[in-house]
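Q: Once you've had a glance at the structure underneath, I'll fire off some questions.
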Amino acid sequence: MRTDPVRVCPLIVANMHPFFSPIAKTKASPIDSARPRILSHLSHWVQAGLCSAAVLILFAVAGPSLRSEEPAGRTEDFQGTKRPGEFTESREPGSEKAYGEELDRVRLQLKWKHQFQFAGYYAALEKGYYRDAGLDVEILEAKEGQETIHEVLEGRADFGVGTTDLLLLRQKAEPVVVLAVIFQHSPLALLLRADSGIQTLHGLAGRRVMIEPHSAELFAYLNREGVPLHTMELPSHTFDIRALREGSADAMSVYTTDEPFALRKAGIPYMLFSPRSAGIDFYGDNLFTTEEQIHNHPERVRKFREASLRGWRYAMDHKEEMIRLIYDRYSTRHSVDHLRFEAQQMELLMPDIVEIGHMFPGRWKHIASVYSELNMMPRDYDLQGFLYDPDPAADLTWLYISLGILAALAAAISAVALKIHALNVNLRRSENLRMEAERIIQHDLKSPLSVVLGYSDMLIAEAGDSPHKDVYLQLHRSASQMLEMVSRSLDIFEMESGDHQLARNPVDLTLLAQEVIAGFSRMARSKDIQIAGAVGTTRLENAAPCILSGDGLYLKTMLENLVKNAIEAAPGGSTVTVQLECPENARQKQEFRIVLHNEGAIPESVRASFFDRYSKGSQSRGTGLGTYSARLIARAHGGDIRFSTDESMGTELIVTLPGV
């Protein structure tokens, strides 16, 4: 339903400031007799200005709904036919008339052949998620030598799957917009046989190395490691693993989710060189479209993105079903075992603790900085317009213009201006903190963690049936978890404001405490300290699971901070205890308690500020953020932390968390 600005104008004026309320109630409202006559003329003048501004604001905020209606469907005549096995061909007759209107026909261009790499889109089609969104989707397989991104730019497809090279196209004024990130880590790496005699990346000098198009991150990797490109032979990429098996190439760029399977199946040992080992951690596959698509069909874009991500969640939760589906309906190019290998390797690129589709502007800035190292784009490139916002705020351009008019007409809105000024000061302060945090994250933490991840990837790939494979996997999981925790560290700002939304899942506190205690066992031994854990009166290793609904990553971080502080504060030769109390044995029903005790006392000088930011004793070597962030995490879960301490009894920290 359209809104009549003329009718709504008096209502808006009446709510903008109490001074103008009488003006808006009737067409000819009398001015209070106590006011000078000059105010009568001024008020009518201001009313007219406010009404005009109200109309402008209404148009600005309401957007396209007041100006035009997006057509329900497209009328373009699509050329070509669907693949015989596509799901759209198995719909019941008349299903295209869902919701009483013709489905909106769109095309999705893949970046490669049909395989598990695109399972989420197949799932969205098969499970009817696209159809539920009013979309008739055709999925297009890439052809040999095809520039798939240009298929979208030139209008032959509406959406596409691309790499981080989209950023390079954007800075060349191509109107590409990234809608969602599917792979949080790029699977691109260099593959070579273990018997090639090459032990390090520098050993590629003078060798034949096939590098596929759109592999800027590999060139950045070689550049950062000091391997000159002119020292290598760079034959055209054949996209055939036989080049390594038969010796026509010494190394080749591959997706770690795909090509290594062929060498593994043939029993040929291999090595992988990953850019992540040099701190170059790019995103992998990205869903993208164009500015024109977003401007002309905003609802189509929103619905396609949501349905696609829904499909990805289904695909990663039902891998075997999707493997069978792809093999039976899309392509037999890969065997079922090959597709299963691909699905398993993709789990390393799509960590559970990050929502599918999430993208972090700071990560894109890191990618841009790597490109600038290669002189592929200018430094400090502005990402504005490149990253899609699924929940955009209204375009406030007209609002600012209107407020300028109102400020010229009446000084009464100065209070609003002062409020906006105060908010801007706070925003600038928060932005400065955020930028500083990103600098520390990118330069001091991410690089070494990426090195650990890169080498653990290589160990896992070469492990085969090694008895140490579980150790390699644990190493990779721990490093991935830490890297994701670093990436999410800026959520601390939202926790401070109380706006953070936790990812609540079942968390076994018993297992969590075991992992944390095991992780600090070396530190404890170095101080001759014992760590004992229990659930009620049962030793931790013999206790039943203690299941809590919460964010496992943050709860583990909280417990790690508290255990680390306890070990640091405890005197040598003493014991630190961690006791869990689940609802069935807690003193208060429906409440979880974590009680940590050490025999050291908190110095009197810091007791009053114990949970404050940067609070620490004179002997502490920490940052003073451990207890501060621990309490933030507890409170974000609806709980709290308190302590008691004295010289004779030591220190007891009690964490309470709600059971429901």
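The values are calculated or read from the model by the stated rules, or taken from the named source; none is laboratory data. Small disclaimer: the values here were computed from a predicted structure and weren't measured. Heads up, the Cβs are rebuilt from the backbone with ideal geometry, glycines too, and the neighbour counts pull from every protein chain shown. Ligands, DNA and RNA are excluded from the accessible area calculation, which covers all protein heavy atoms including side chains. Shrake-Rupley method; radii C 1.70, N 1.55, O 1.52, S 1.80 Å.
Q: Based on this model, can you work out whether ILE567 counts as part of a helix (DSSP H, G or I), touching a strand residue (DSSP E or B) at 6+ places or on another chain (Cβ under 8 Å) and of a type in the set (A, V, I, L, M, F, W, C)? Please lay out each step first, then the result.
A: Values: part of a helix (DSSP H, G or I): yes; touching a strand residue (DSSP E or B) at 6+ places or on another chain (Cβ under 8 Å): yes; of a type in the set (A, V, I, L, M, F, W, C): yes.
Answer is yes for this residue.
Q: Failed condition for ALA173, given (1) hydrophobic (A, V, I, L, M, F, W, C); (2) touching a helix residue (DSSP H, G or I) at 6+ places or on another chain (Cβ under 6 Å); (3) more than 19 Å from TRP312 (Cβ to Cβ); (4) open to solvent by 10 Å² or more (accessible area, probe 1.4 Å), with all others met?
A: Result: ALA173 fails condition (2) only.
The rows are residues; the columns are (1) polar (S, T, N, Q); (2) open to solvent by 30 Å² or more (accessible area, probe 1.4 Å); (3) more than 27 Å from VAL177 (Cα to Cα).
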| residue | (1), (2), (3) |
| --- | --- |
| MET322 | no, no, yes |
| ILE326 | no, no, yes |
| LEU348 | no, yes, no |
| SER369 | yes, yes, no |
| GLU373 | no, yes, no |
| ASP389 | no, yes, no |
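Q: Given the residues ILE367, ILE326, which is the only one that is closer than 30 Å to ASP382 by Cα and part of a helix (DSSP H, G or I)?
A: ILE367
Q: Tell me, which helices (runs of 4 or more DSSP H) lie completely within the stretch 160-265 with 1 or more residues that are touching a His at 6+ places or on another chain (Cβ under 8 Å) and more than 14 Å from PHE282 (Cβ to Cβ)?
A: Filter on the stretch 160-265 gives 260-265.
So that you can scan it fast, the table gives a plain yes or no per residue for (1) modelled with pLDDT of 50 or more; (2) in contact with a Leu (Cβ under 8 Å, 6 or more places away or on another chain):
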{"residue": "PHE59", "(1), (2)": "no, yes"}
{"residue": "LEU66", "(1), (2)": "no, yes"}
{"residue": "GLY73", "(1), (2)": "no, yes"}
{"residue": "GLU89", "(1), (2)": "no, no"}
{"residue": "PRO93", "(1), (2)": "no, no"}
{"residue": "LYS113", "(1), (2)": "yes, no"}
{"residue": "GLY134", "(1), (2)": "yes, yes"}
{"residue": "GLU151", "(1), (2)": "yes, yes"}
{"residue": "THR164", "(1), (2)": "yes, no"}
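Q: A further question follows. Looking at the stretch 499-544 only, could you name the residues that are open to solvent by 60 Å² or more (accessible area, probe 1.4 Å), at pLDDT below 70 and either touching a His at 6+ places or on another chain (Cβ under 8 Å) or not charged (D, E, K, R) (or both)?
A: Of everything in the stretch 499-544, just one residue is open to solvent by 60 Å² or more (accessible area, probe 1.4 Å), at pLDDT below 70 and either touching a His at 6+ places or on another chain (Cβ under 8 Å) or not charged (D, E, K, R) (or both), namely GLN501.
Q: What about ALA216, is it closer than 19 Å to ARG363 by Cβ, modelled with pLDDT of 90 or more, crowded, with 21+ Cβ neighbours inside 10 Å and of a type outside the set (S, T, N, Q)?
A: no
Q: Please determine, by comparing only the residues of the stretch 109-139 that are open to solvent by 10 Å² or more (accessible area, probe 1.4 Å) and among the small types (Gly, Ala, Ser), which one is nearest to the chain's Cα centre (by Cα).
A: ALA133
Q: How about the stretch 150-169: which of its residues are open to solvent by 10 Å² or more (accessible area, probe 1.4 Å) and under 23 Å from ASP240 (Cβ atoms)?
A: Selection gives THR163, ASP165.
Q: Okay, moving on. Mind telling me which of the residues TYR255, TYR270 ends up being surrounded by 21 or more Cβ atoms within 10 Å (Cβ to Cβ), in contact with a strand residue (DSSP E or B) (Cβ under 7 Å, 6 or more places away or on another chain) and over 29 Å from GLN146 (Cα atoms)?
A: After applying the criteria, what remains is TYR270.
Q: Would you be able to tell me the number of residues in the stretch 605-644 that are modelled with pLDDT of 80 or more and assigned to a helix (DSSP H, G or I)?
A: 13
Q: Quick one: which of ILE654, ILE602 is within 33 Å of the chain's Cα centre (by Cα) and either at pLDDT below 90 or surrounded by 14 or more Cβ atoms within 10 Å (Cβ to Cβ) (or both)?
A: After applying the criteria, what remains is ILE654.
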